[in-house]
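Undergrad: Structure provided below as structure tokens; questions to follow.
The values are calculated or read from the model by the stated rules, or taken from the named source; none is laboratory data. Just so it is clear, the model here is predicted, and its values are computed rather than measured. As a convention, Cβ positions derive from the backbone with ideal geometry for all residues, glycine included, and neighbour counts pool all protein chains shown. When the accessible area is computed, the model is the full protein with side chains, heavy atoms only, and any ligands, DNA or RNA have been set aside. Shrake-Rupley method; radii C 1.70, N 1.55, O 1.52, S 1.80 Å.
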Amino acid sequence: MSAAPRASAPPAKGRPVTLSTLAEKKALGEPIVMVTAYDYPSAEVAEAAGVDVVLVGDSAAMTVLGYESTVPVSLDEMLMLAAAVRRGLRSPLLVGDLPFASYERSDEQAVASAQRFVKEAGCDAVKLERGGRSAERARAIVEAGIPVMGHVGLTPQTATQLGGYRSQGRTAERALAVLREALELERAGCFAVVLEAIPRELTREIVARLTVPTIGIGAGPETDGQVLVFHDLLGIYGGHKPRFVKRYAELRDAMVAGVRRYCEEVRGRAYPGDEHCYEMAPDELERLRSLLAEAEEAAATEEPFTGGPSL
Ligand code: KIV
């Protein structure tokens, strides 16, 4: 943090969070709260809880689409999720995560993908991973008028190259490389940088050198903000739980228990009860019965039926 730590207030109701809001929060030492969301209900929850930034993360690949990593998720899939999130959100800044292979090939590809997040899904900004070539892509997107958030440290899209889903920057050389990537992203015009799964000592060095806000996930308490995956923090996702995740609820257990009870009640004929039924007005029921009787009589005598509808 660049100023003495202080507690942050949720965004004022209806007042949209902008890039200036985030810069102000950093200057004041007020932590920025970011969370992922992937659909309308999770966006509504983020809105109601008063978070500052919502990321439609490519973690959706695992948390909601059932892929084994973030690599397979397509731009079209991400856009559909981002558009649903947009419909549930008013105040927080909405960031769309550029998925693997949607921005690396060329500046033109990166700008076109970022533009789709803004035009088709209503995102305010996009995020991409790594420095180097990605920093060049970030610069092109910023020059096209779209704000970009960077992401360094453990970058899941290239986890195989990093030796798997493991913390990064634990040797001096690798720490220097992560720091350089963060600086490259800032120089490219990124308005914030996510630091994922790095030692807190390295976080301290990066935060001291960057002027834009840093958002940590497994990077310790000294970043300007924190981000967690919605399904991790609420205990919805049954997959691997990284060390940095704190569970604030165990919704998966509650959901399984709820659906299990529903199964039991349907099988035991306890559901639906009277309170879940619609009823017909007595005069309509009487009319229905006489219509049925007429129709059945006509069918039995095979006479052409001219009254109400035939059966
Ligand atoms: O995809 C994602 O959810 C992310 C966050 C972990 C920062 O990139």
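Undergrad: Among 114, 110, which is the only one that is buried (at least 19 other Cβ atoms within 10 Å of the Cβ), within 15 Å of residue 149 (Cα to Cα), more than 16 Å from the ligand (Cβ to nearest atom) and not β-branched (Val, Ile, Thr)? It would help to see each step written out before you state the result.
TA: Numbers: 114 fails: more than 16 Å from the ligand (Cβ to nearest atom).
Of 114, 110, the one residue that is buried (at least 19 other Cβ atoms within 10 Å of the Cβ), within 15 Å of residue 149 (Cα to Cα), more than 16 Å from the ligand (Cβ to nearest atom) and not β-branched (Val, Ile, Thr) is 110.
Undergrad: So, in region 34-68, how many residues would count as being within 16 Å of the ligand (Cβ to nearest atom), surrounded by fewer than 22 Cβ atoms within 10 Å (Cβ to Cβ) and farther than 18 Å from residue 99 by Cβ?
TA: 1
Undergrad: Search region 41-52 for residues that are touching a residue at least 60 places away in the same chain (Cβ under 8 Å) and of a type outside the set (S, T, N, Q) and pair each with any residue that is outside any helix (DSSP H, G or I) and open to solvent by 20 Å² or more (accessible area, probe 1.4 Å) when their beta-carbon atoms are under 7 Å apart and the residues are at least 6 apart or on different chains.
TA: From residues that are touching a residue at least 60 places away in the same chain (Cβ under 8 Å) and of a type outside the set (S, T, N, Q), the pairs are 52/11; 52/33.
Undergrad: Condition check: surrounded by fewer than 16 Cβ atoms within 10 Å (Cβ to Cβ), touching a Leu at 6+ places or on another chain (Cβ under 9 Å) and at pLDDT 95 or above. Does residue 121 satisfy that? Before you say what the answer is, go through the steps one by one.
TA: Numbers: surrounded by fewer than 16 Cβ atoms within 10 Å (Cβ to Cβ): no; touching a Leu at 6+ places or on another chain (Cβ under 9 Å): yes; at pLDDT 95 or above: yes.
For residue 121, the condition - surrounded by fewer than 16 Cβ atoms within 10 Å (Cβ to Cβ), touching a Leu at 6+ places or on another chain (Cβ under 9 Å) and at pLDDT 95 or above - is not met.
Undergrad: Report yes if some residue within region 237-253 is crowded, with 18+ Cβ neighbours inside 10 Å and within 14 Å of the ligand (Cβ to nearest atom); otherwise report no.
TA: Initially, region 237-253 is screened for residues crowded, with 18+ Cβ neighbours inside 10 Å, giving 237.
Now drop any that are not within 14 Å of the ligand (Cβ to nearest atom), which leaves 237.
Yes, region 237-253 contains at least one residue that is crowded, with 18+ Cβ neighbours inside 10 Å and within 14 Å of the ligand (Cβ to nearest atom).
Undergrad: Also: Does region 223-235 contain at least one residue that is assigned by TED's automatic domain parsing to the domain that holds residue 46, closer than 19 Å to residue 136 by Cα and of a type outside the set (S, T, N, Q)?
TA: So the first thing to find is which residues in region 223-235 are assigned by TED's automatic domain parsing to the domain that holds residue 46, and the list is 223-235.
Filter once more, so that each one left must be closer than 19 Å to residue 136 by Cα: none.
Within region 223-235, not a single residue is assigned by TED's automatic domain parsing to the domain that holds residue 46, closer than 19 Å to residue 136 by Cα and of a type outside the set (S, T, N, Q).
Undergrad: Just checking, does region 136-151 include any residue being outside any loop (DSSP other than H, G, I, E, B), surrounded by fewer than 17 Cβ atoms within 10 Å (Cβ to Cβ) and either acidic (Asp, Glu) or in contact with a strand residue (DSSP E or B) (Cβ under 9 Å, 6 or more places away or on another chain) (or both)?
TA: Of the residues in region 136-151, the ones outside any loop (DSSP other than H, G, I, E, B) are 136-143, 148-151.
The next check asks that each one be surrounded by fewer than 17 Cβ atoms within 10 Å (Cβ to Cβ); those that pass are 136, 143.
Applying the additional criterion that residues be either acidic (Asp, Glu) or in contact with a strand residue (DSSP E or B) (Cβ under 9 Å, 6 or more places away or on another chain) (or both) yields 136, 143.
Checked region 136-151: at least one residue is outside any loop (DSSP other than H, G, I, E, B), surrounded by fewer than 17 Cβ atoms within 10 Å (Cβ to Cβ) and either acidic (Asp, Glu) or in contact with a strand residue (DSSP E or B) (Cβ under 9 Å, 6 or more places away or on another chain) (or both).
Undergrad: Could you count how many residues in region 65-109 are without any contact (Cβ under 8 Å) to a residue 12 or more places away in the chain and among the basic types (Lys, Arg)?
TA: Matching residues across region 65-109 total 1.
Undergrad: Further question on the same structure: Any idea which of (1) touching a residue at least 60 places away in the same chain (Cβ under 8 Å); (2) open to solvent by 30 Å² or more (accessible area, probe 1.4 Å) is the one residue 229 doesn't satisfy?
TA: (2)
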